[in-house]
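Q: Starting off with a structure, shown below.
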Amino acid sequence: MYEQVSHSQLNDILIALQPQLGEHDLQHFYIRLGANFYAIHALFHTLYGERADFQPQLQRLVETLARQYIARSNALKQQDMAREKDHSWFLSQKWVGYALYCTEFAQDLPGLIAHLHYLQDLGINMLHVMPILDCPPGKSDGGYAVRDFRKIDPRYGDLHTLATLSQQMKQRDMLLTLDVVVNHTSDQHAWAQQARAGDAQYQDYYYTFDDRQMPDLYEQSMPEVFPENAPGNFTWDATMGKWVMTVFNDFQWDLNYRNPAVFIEMMDVILFWANQGVDILRLDAVAFLWKKLGSSCQNEREAHLILQLMKDCCQVTAPGVLFIAEAIVAPVEIIKYFGEDAINAKECELAYNATLMALLWDAIATRKTNLLERGIRSLPNKLERATWINYIRCHDDIGWGFDDRDIVKVGYEPQAHRRFLTDYFTGDHPGSPARGLAFGRNIKTGDARISGSLASLAGLESALEQDDAAAIDLAISTILLLQSMTLSFGGLPLIYYGDAIGTLNDRDYVHDESKHLDSRWVHRRKMDWTRAELRNKPGSVEFRIFQGLKKLIAVRKEISAFADHNNRELLEVDNPHLFAFVRFDILHAASRVLVVGNFDTAAQPLPLAGLQRAGLLKHATVRDWHGGEILTLAGDALMIPARGFYWLQT
């Protein structure tokens, strides 16, 4: 869009930049900058226009974009242009993700490279390597307390090793995802050290205060993220002689995005990693980017403006790179991180569907899908050029962040229902086979979240302890049922490392002083490669889970209706234990897949009359895409096995 004021300023900026740009070919940079500059200028002005240094900071921002474009390899620039031509490439059903900790999975980056064949065997083509940047030993928060944004932790490797990983993955048509922690730094980061030394410039990179007056005002409306381990939101730093905002842990200092220098520094970091061959950048803790007195300091409008500005800037320099919004917030808020009032994503193309994840676990505990269906219907439609990351487990805990109104509508009392879920998944509810641990228990409210591996939460750990063959069968069916839902629902499915071989909880973390207060380490155990080899041994638990999941992934990739184009319709099937939806190919409307899952521990009938009136299952037989078998539709119902599912071609 052309607008005289902003483009007049752009001309001045480019004239001043010209001597620095030299003889570089900047044709595509200039085209993209011209196309995006009105939005960049408008957003930067909204955030920082009242500052006296607005103009020089804007100049510095454009200099940063140009410098990183020049540093971008020709191969990556060609990739950018290819993805611009096929701008919905990431919505394909062919992408399946996998998340891992480098140390726990394979010790280091060379080890990870050596195990890429394992991921390919499973059918993975998008790999999220959890934080590998330099962090202080013992105070890393699992890699989210970064000491140096441009350095890989030496335990894992270096930039050269990462380049080898990226190259190896591109040869295998795999996407690389890395984290950038945009909300905070380690208290040992160079900026924090300079702030400690009394440098006012770097003290303004954070929220620092001489006394408790302002922190106390903030605390009146700010919730606690980790009430057990890190109560409060401020920490006294004796060396600096100031209070500093620390929303997560006392060693993680929140960045002050009211300062444009902070935005430019972090934009430079984002583009640095884009230039290392990273395809997708996971932006951590984006809900916390803007702090406003009198608010919860989460999901503020300015946080969204910052993300929009980051996306516009990235589209100038590295348009082939996608953003993931790491925002585990209420359903009504998470949808906003795609960007409101738009068709295409103007903030992040990808966001975690924590709501679906928690609702699926609710259906396992209750054996009913009432809340699952209600919660999904309450989610607004996503944008066209955006998609969910759907998952069952990840490195984090499980929170019961359902809308209270949805809980009430299906007949539960919100607080009592959440207590039931906590009791069920910690194994405290009578008859529960789950073996999870409480996380972040709030003594004041009684609320708690859940830690635990997929297999242990699904009942495999207790079944193996009891050597109960029927319980083992049910647990494996539960695992595959849950994975079948994320693989067919629409979006990019993400498998957590170890889940493909039924990895159980690891309680040894309690003996590690740096981990013993954080129960999430129970599901962050080291990959057992001896057990992984059992995936090739017929009859073993590992074989049954791995081969079952491998088949699911392979079949998913063949079903064009599973691409994510808002092409899903939930169905009411008159059985509270079943969850059903239909997926259709937007180019071939007659190509439809009926997905149905049974969350009960007994076989359940799928009534046919209503589905047939809707134009589904009208023939005497139907093919199950997943199992490959032809099912006969005799009578008025189709039986769905206990914790079973079908992908029916209809």
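Yes/no matrix, rows are residues, columns are (1) more than 33 Å from the chain's Cα centre (by Cα); (2) open to solvent by 70 Å² or more (accessible area, probe 1.4 Å); (3) at pLDDT 95 or above; (4) under 26 Å from GLU302 (Cβ atoms):
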{"site": "SER6", "(1), (2), (3), (4)": "yes, no, no, yes"}
{"site": "LEU21", "(1), (2), (3), (4)": "yes, no, no, no"}
{"site": "GLN27", "(1), (2), (3), (4)": "yes, yes, no, no"}
{"site": "ASP53", "(1), (2), (3), (4)": "yes, no, yes, yes"}
{"site": "ALA75", "(1), (2), (3), (4)": "no, yes, yes, no"}
{"site": "ASP80", "(1), (2), (3), (4)": "no, no, yes, no"}
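Q: Do any strands (runs of 3 or more DSSP E) lying entirely in region 598-650 carry at least 1 residues that are charged (D, E, K, R) and surrounded by 13 or more Cβ atoms within 10 Å (Cβ to Cβ), and which ones are they?
A: 621-624
Q: Let me ask something else. With the checklist (1) within 16 Å of SER186 (Cα to Cα); (2) among the aromatic types (Phe, Trp, Tyr); (3) out of contact with any helix residue (DSSP H, G or I) (no Cβ under 9 Å at 6 or more places or on another chain); (4) open to solvent by less than 30 Å² (accessible area, probe 1.4 Å) in hand, flag the one item TRP236 doesn't pass.
A: For TRP236, the failing item is (4).
Q: Further question: How many of the residues making up region 29-51 are open to solvent by 40 Å² or more (accessible area, probe 1.4 Å) and part of a loop (DSSP other than H, G, I, E, B)?
A: 2
Q: Mind listing whichever residues of region 119-148 are in a helix (DSSP H, G or I) and in contact (Cβ under 8 Å) with a residue 60 or more places away in the chain?
A: Within region 119-148, ASP121, LEU122, ASP141, GLY142 qualify.
Q: Taking the condition of being touching a helix residue (DSSP H, G or I) at 6+ places or on another chain (Cβ under 9 Å) and either surrounded by 18 or more Cβ atoms within 10 Å (Cβ to Cβ) or of a type in the set (Gly, Ala, Ser) (or both), how many residues in region 147-187 meet it?
A: Total satisfying the criteria: 22.
Q: So which residues in region 419-459 are small (Gly, Ala, Ser), in contact with a strand residue (DSSP E or B) (Cβ under 9 Å, 6 or more places away or on another chain) and at pLDDT 95 or above, if there are any at all?
A: ALA434, GLY436, ALA438, SER451, GLY452, SER453
Q: Going by what's in this entry, would ASP279 be described as open to solvent by 30 Å² or more (accessible area, probe 1.4 Å) and either touching a helix residue (DSSP H, G or I) at 6+ places or on another chain (Cβ under 9 Å) or on the phi < 0 side of the Ramachandran plot (or both)?
A: Against the criterion (open to solvent by 30 Å² or more (accessible area, probe 1.4 Å) and either touching a helix residue (DSSP H, G or I) at 6+ places or on another chain (Cβ under 9 Å) or on the phi < 0 side of the Ramachandran plot (or both)), ASP279 does not qualify.
Q: Residue by residue through region 267-281, note down the ones that are of a type in the set (Asp, Glu) and either at pLDDT below 95 or in contact with a strand residue (DSSP E or B) (Cβ under 7 Å, 6 or more places away or on another chain) (or both).
A: ASP279
Q: If you go through region 541-551 one residue at a time, do you hit one that is farther than 22 Å from ILE376 by Cβ, open to solvent by 10 Å² or more (accessible area, probe 1.4 Å) and not in a helix (DSSP H, G or I)?
A: No, region 541-551 contains no residue that is farther than 22 Å from ILE376 by Cβ, open to solvent by 10 Å² or more (accessible area, probe 1.4 Å) and not in a helix (DSSP H, G or I).
Q: Residues in region 426-441 that are crowded, with 20+ Cβ neighbours inside 10 Å and more than 24 Å from GLY502 (Cα to Cα): how many?
A: 1
Q: Which condition number does ASN566 fail, the rest of (1) open to solvent by less than 40 Å² (accessible area, probe 1.4 Å); (2) in contact (Cβ under 8 Å) with a residue 60 or more places away in the chain; (3) among the polar types (S, T, N, Q); (4) farther than 28 Å from GLY498 by Cα being met?
A: Every condition holds for ASN566 apart from (1).
Q: Now for a separate question. Only one residue in LYS382, LYS444 is surrounded by fewer than 16 Cβ atoms within 10 Å (Cβ to Cβ) and either part of a loop (DSSP other than H, G, I, E, B) or among the charged types (D, E, K, R) (or both). Which one?
A: Matching residue, one of LYS382, LYS444: LYS444.
Q: Search region 451-483 for residues being free of Cβ contacts under 8 Å to residues at least 60 places away in the same chain and not small (Gly, Ala, Ser), and hand back the single one that is least open to solvent (accessible area, probe 1.4 Å).
A: Ranking the qualifying residues of region 451-483, first place goes to GLU461.
Q: Continuing with the same structure: Give me the pairs, please: first residue somewhere in region 166-184 and more than 24 Å from ASP268 (Cβ to Cβ), second residue anywhere and open to solvent by 10 Å² or more (accessible area, probe 1.4 Å), beta-carbon distance under 7 Å, and either six or more positions apart or on two chains.
A: Filtered contacts from region 166-184: GLN168/ILE113; ARG172/GLN120; ASP173/ASN125; MET174/ASN125.
Q: Okay, next question. Those residues that are in contact with an Asp or Glu (Cβ under 7 Å, 6 or more places away or on another chain) and open to solvent by 30 Å² or more (accessible area, probe 1.4 Å), I need them from region 331-369; list them, please.
A: Across region 331-369, the qualifying residues are ILE343, ASN344, ARG367.
Q: Taking region 202-219 only, how many residues are open to solvent by 40 Å² or more (accessible area, probe 1.4 Å) and in contact (Cβ under 8 Å) with a residue 40 or more places away in the chain?
A: 3
The values are calculated or read from the model by the stated rules, or taken from the named source; none is laboratory data. Note that the structure is a prediction, hence the values are computed from the model and not measured. When we count neighbours, we look across all protein chains shown, and the Cβ atoms used for this are built from the backbone with ideal geometry, even at glycine. Just the protein is used for accessible areas: all its heavy atoms, side chains included, with ligands, DNA and RNA removed. Shrake-Rupley method; radii C 1.70, N 1.55, O 1.52, S 1.80 Å.
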